[in-house]
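A short write-up of the structure that comes next.
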Amino acid sequence: MTRTPEIAILGGGIGGLAAAAFLRRTGLPSTIYEQASELREIGAGLVMAPNVARLLRRLGVLEELAHHVVRLEIGWEFRRWQDGTVLSAENLAEACERLYGEHTYTARRSDLLAALRKSVPDDSVRLGKRCVAVIENGDRPALRFDDGEVAEADIVIGADGIHSVVRRVIADSIEATYSGLCAFRTLVPAEHAPEIARRNAHTLWLGPGHHLVHYPISAGKLINLVAIAPAGDYSVESWTARASIEEFLAEFDGWDPRLLDLIRAAETPGRWALLDRTPLRHWSRGPVTLLGDAAHPMFPFFGQGAAQAVEDAAVLAQCLAAQPDDPVNALQNYESLRIPRTTRLQEVSHGRSRINHLPDGPEQQARDKAFSDSDPLVDSAWIYEYDADTVPPFHIDTVAR
């Protein structure tokens with residue numbers, strides 16, 4: 001290929017916009033196709049740990065977010081469910097930059113999406129384009145949309161989420177399995193929240209069969225609240241599904257009264273079944289590849305879902321920029337660089353559900369003592385010190401499949 005490749009990105013969420021922004025940084029234009037009539041990010045908050053914060057800073061996105069983010073002072077603050085006894089806590093204000101050269105922030109997903117949007121030219125985003133099929137056509141795959149349009153490209157990137165259309169081309173159908181867990185997600189106006197939730201802290205409350213996480217977002221105006229509980233027969237995997245405050249409260253009956261006050265002050269919660277998926281062995285087929293949740297959906301226990309999508313985007317852009325004339329090999333390099341890391345995160349996130357939800361007893365007491373004796377910020381160095389901009393983009397030993 002002697003011309004600039006045409007790159008189509010399916011999905012205009014955080015991963016898709018990040019891919020377009022990083023590609024543009026390397027001089028490669030792209031077109032985003034998004035099925036919604038406007039770019040929006042459903043969901044509430046997210047944690048931007050050093051591994052993603054440094055990438056967003058280099059794009060200018062962190063500066064754009066300056067008036068919306070919260071810089072965490074305390075993190076990995078584990079508390080006991082009944083009375084809030086602190087099991088362990090990290091002084092992020094001092095340790096995070098010293099260890100990893102960057103701070104940890106929290107943000108509202110919609111604010112991050114808006115900041116990323118400013119890194120992408122207006123004319124490179126096409127809204128209201130719902131893809132119904134990916135057509136394999138030699139070196140030029142095509143996207144078929146529900147309005148009848150067919151768009152060809154040299155490279156197709158599936159950043160279209162957990163129900164990805166593009167993934168059907170890459171991998172045989174992998175049925176999601178029932179995890180037995182669901183997530184409640186909601187926001188609380190800070191003025192109605194108890195003081196314990198208004199601090200610049202990322203706090204995790206652990207109890208039998210459940211855990212609950214809260215931290216401030218939107219410059220401290222809102223509290224993001226996520227709770228994991230048994231799903232019962234609930235199996236709806238959708239950001240838009242709703243629950244009632246009464247259902248939410250019932251799951252945490254008997255917990256610390258401050259948590260119950262926090263739940264009572266919340267907006268109508270969303271409820272999302274956590275379905276389990278085996279990690280994919282390959283993300284690419286010819287000039288078609290995957291990114292973010294389309295490639296590696298993971299349980300939210302390490303707060304790395306969005307971060308890994310942004311890392312994917314940075315590495316993918318480097319690989320394509322290194323081999324613009326050989327996109328098939330570039331995509332194979334990309335997946336070989338990313339799959340080991342994301343698979344490990346999928347696996348440790350999966351294992352965390354058991355650790356967080358131990359019933360009270362000897363095993364729980366041993367876990368709590370281990371928390372007090374450990375340093376989670378150092379123990380997770382393999383996550384936070386990773387710099388996607390320094391990953392070698394080219395493996396000469398990669399062989400085209």
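Regarding L260, is this residue surrounded by fewer than 19 Cβ atoms within 10 Å (Cβ to Cβ), closer than 29 Å to T104 by Cα, out of contact with any Ser or Thr (no Cβ under 6 Å at 6 or more places or on another chain) and of a type in the set (A, V, I, L, M)?
Here the answer is yes, as L260 does meet what is asked.
Here are the criteria: (1) on the phi > 0 side of the Ramachandran plot; (2) in a loop (DSSP other than H, G, I, E, B); (3) buried (at least 19 other Cβ atoms within 10 Å of the Cβ). Tell me which single one G27 does not satisfy.
Looking at each condition in turn, G27 falls short on (3).
Could you look through the range 184-211, keep only residues that are among the β-branched types (V, I, T) and surrounded by fewer than 22 Cβ atoms within 10 Å (Cβ to Cβ), and pick out the one that is farthest from G361 (Cα to Cα)?
I196
Could you look through the range 8-24, keep only residues that are part of a helix (DSSP H, G or I) and of a type in the set (G, A, S), and pick out the one that is surrounded by the most Cβ atoms within 10 Å (Cβ to Cβ)?
A18
Given (1) touching a residue at least 60 places away in the same chain (Cβ under 8 Å); (2) surrounded by 18 or more Cβ atoms within 10 Å (Cβ to Cβ), identify the lone condition not met by H214.
With (1) touching a residue at least 60 places away in the same chain (Cβ under 8 Å); (2) surrounded by 18 or more Cβ atoms within 10 Å (Cβ to Cβ) applied to H214, the lone miss is (1).
Determine which member of the set G84, G75 is touching a residue at least 60 places away in the same chain (Cβ under 8 Å), in contact with a His (Cβ under 6 Å, 6 or more places away or on another chain) and under 26 Å from G207 (Cα atoms).
When all the criteria are applied, what remains is G75.
Can you tell me which residue within the range 147-165, out of those that are outside any loop (DSSP other than H, G, I, E, B) and either of a type in the set (D, E, K, R) or without any contact (Cβ under 8 Å) to a residue 24 or more places away in the chain (or both), is nearest to A36 (Cα to Cα)?
Result: V150.
Which number in (1) at pLDDT below 95; (2) over 19 Å from the mean Cα position of the chain (by Cα) marks the one condition that L181 misses?
Failing condition for L181: (2).
Quick test for you: out of R144, R185, R140, R168, pick the one residue that is assigned to a helix (DSSP H, G or I) and farther than 22 Å from A314 by Cα.
Unique residue meeting the criteria: R168.
Just checking, which of L127, L116 is at pLDDT 95 or above and either touching a helix residue (DSSP H, G or I) at 6+ places or on another chain (Cβ under 8 Å) or surrounded by 14 or more Cβ atoms within 10 Å (Cβ to Cβ) (or both)?
L116
Looking for whichever is crowded, with 18+ Cβ neighbours inside 10 Å, within 17 Å of I9 (Cβ to Cβ) and in contact with a Cys (Cβ under 7 Å, 6 or more places away or on another chain) here; the options are V156, V169, V165. Which one fits?
Just a single option satisfies the conditions, and that option is V165.
Which residue is surrounded by the fewest Cβ atoms within 10 Å (Cβ to Cβ), if the candidates are limited to the range 323-360 and must be modelled with pLDDT of 95 or more and among the small types (G, A, S)?
S336
If I go through the range 88-100 residue by residue, how many of them are more than 17 Å from A197 (Cα to Cα) and touching a helix residue (DSSP H, G or I) at 6+ places or on another chain (Cβ under 7 Å)?
Of the residues in the range 88-100, 4 are more than 17 Å from A197 (Cα to Cα) and touching a helix residue (DSSP H, G or I) at 6+ places or on another chain (Cβ under 7 Å).
A quick yes/no check of all residues on (1) buried (at least 23 other Cβ atoms within 10 Å of the Cβ); (2) in contact with an Asp or Glu (Cβ under 8 Å, 6 or more places away or on another chain); (3) of a type outside the set (S, T, N, Q); (4) more than 28 Å from A53 (Cβ to Cβ):
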| position | (1), (2), (3), (4) |
| --- | --- |
| D276 | no, no, yes, yes |
| H282 | no, yes, yes, yes |
| G286 | no, yes, yes, yes |
| G292 | yes, yes, yes, no |
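Does D373 qualify as being at negative phi and surrounded by fewer than 11 Cβ atoms within 10 Å (Cβ to Cβ)?
When the stated conditions are applied, D373 passes them.
The values are calculated or read from the model by the stated rules, or taken from the named source; none is laboratory data. What you are looking at is a predicted structure, and each value in this text was computed from that prediction instead of being measured. Cβ coordinates were reconstructed from backbone atoms using ideal geometry, including for glycine residues, and neighbour counts include every protein chain displayed.
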